[in-house]
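Written below as structure tokens is the structure these notes are about.
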Amino acid sequence: AYDLELIGVEKVYDNGTLAVRNFDLQVEKGEFISFVGPSGCGKTTTLRMIAGFESITSGEVRIRGERINELPAERRPTSTIFQNYALFPHMTVRQNIEYGLAVKGLPAAARHEKADSIMSKLELLDVAERRHEGLSGGQRQRIALARGLVVEPDILLLDEPLGSLDANLRKSIQNELKLLQRNLGITFVFVTHAQSEALVLSDRVIVMNRGEVEQISGPYELYT
Ligand code: ADP
Ligand code: ADP
């Protein structure tokens, strides 16, 4: 089975908006896929359906052959990093990052070790015991990335995760994502409106327009 498969997926919101139409896609384990296209073309809606956060109007999303709606949340191998970070305000940075590990029942020592390792890579150790109030957009974004990565997902879903990072940090996190793909075989689905970023990162770029797939191509084909 494919790591991820979309078969004739459609989304109509309650207000009648047709957000995604007839979306077919097969993704192999370890592939890096990006969705690009103008604001409102259906990228986030598609990502949210893959994550299981949004109901599917028709068609199906399968993860390793299993329908997403038949896969209980704790068995989904996906981790999602949201554009708006969705951090818990009452928790420290460390607690935010360790949350998913605590849910899995990992003992404190193991949680701290994993969190320390990822916070070190993402330059967050200095703020580990603070709450995210008062931290910069770039710091919050790195906390959200750390929280998604620390659970070691098989499929990582990212919605515009690098937007408010400065150029250097952006480059270093792009490299980090590519290393995760190469070394751990993580499958990536990456939403961005920045075509250049998609080209740098992806094995295949899915260009969307008005809820439909306009083009699926390798980065080279898209460029030419
Ligand atoms: P993006 O373009 O990055 O997807 P938007 O600003 O379009 O962000 O949407 C932000 C949030 O508002 C999302 O959670 C989206 O689901 C919701 N949203 C967007 N359009 C509508 C709409 N017409 N009615 C209700 N909610 C919407
Ligand atoms: P993108 O991520 O490409 O900006 P979205 O998936 O956010 O696009 O939105 C696709 C379409 O669905 C847009 O027309 C948007 O306004 C609409 N939309 C998004 N969320 C909602 C919602 N919760 N309710 C109604 N319409 C929505």
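Just to confirm, what accessible area per residue do you get for the chain at 1.4 Å probe, in whole Å²? List each step's numbers first, then the result.
Numbers: 11000 Å² over 224 residues.
With all protein chains present, the chain gives 49 Å² per residue.
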Summed side-chain charge close to Asn96 - residues other than Asn96 whose Cβ falls under 13 Å, Lys, Arg +1, Asp, Glu -1: +4
Over what distance in Å are the Cα centres of the stretch 144-173 and the stretch 28-105 separated? 13 Å
Given C-alpha coordinates of the chain, what is the ratio Rg to Rh with the Kirkwood estimate of Rh? 0.96
May I ask you to give the percent of accessible area on the stretch 135-190 that is carbon plus sulfur, with a probe radius of 1.4 Å? 46 percent
Counting only protein heavy atoms and leaving out ligands, DNA and RNA, the solvent-accessible surface of Asp166 at a 1.4 Å probe, in Å² to the nearest 10, equals 90 Å²
For the stretch 1-120, the accessible surface attributable to carbon and sulfur atoms (probe 1.4 angstrom, ligands and nucleic acids excluded) amounts in percent to 48 percent
So what's the convex hull volume per residue for the Cα atoms of the stretch 70-114, in Å³? 104 Å³
Under the rule that an exposed site lies in a DSSP loop and has at most 16 other Cβ atoms within 10 Å, name the longest stretch of the chain with no trypsin sites (Lys or Arg not before Pro) of that kind, not counting the sites themselves. 131-209
Residue-by-residue Karplus 3J(HN,Hα) for the stretch 27-39, coefficients 6.51, -1.76, 1.60, Hz, glycine and proline x: 10, 7, 4, x, 7, 10, 10, 10, 9, 10, x, x, 3
Around Ala19 (Cβ within 14 Å, Cβ-to-Cβ, excluding Ala19; K/R +1, D/E -1) the net charge comes to +1
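The values are calculated or read from the model by the stated rules, or taken from the named source; none is laboratory data. Since the structure is predicted, the reported quantities are computational estimates derived from the model, not experimental observations. Cβ: placed from backbone, ideal geometry, glycine included. Neighbour counts: every protein chain shown. Remember, those area values only see protein heavy atoms, side chains included, never the ligands or the DNA or RNA. Shrake-Rupley method; radii C 1.70, N 1.55, O 1.52, S 1.80 Å.
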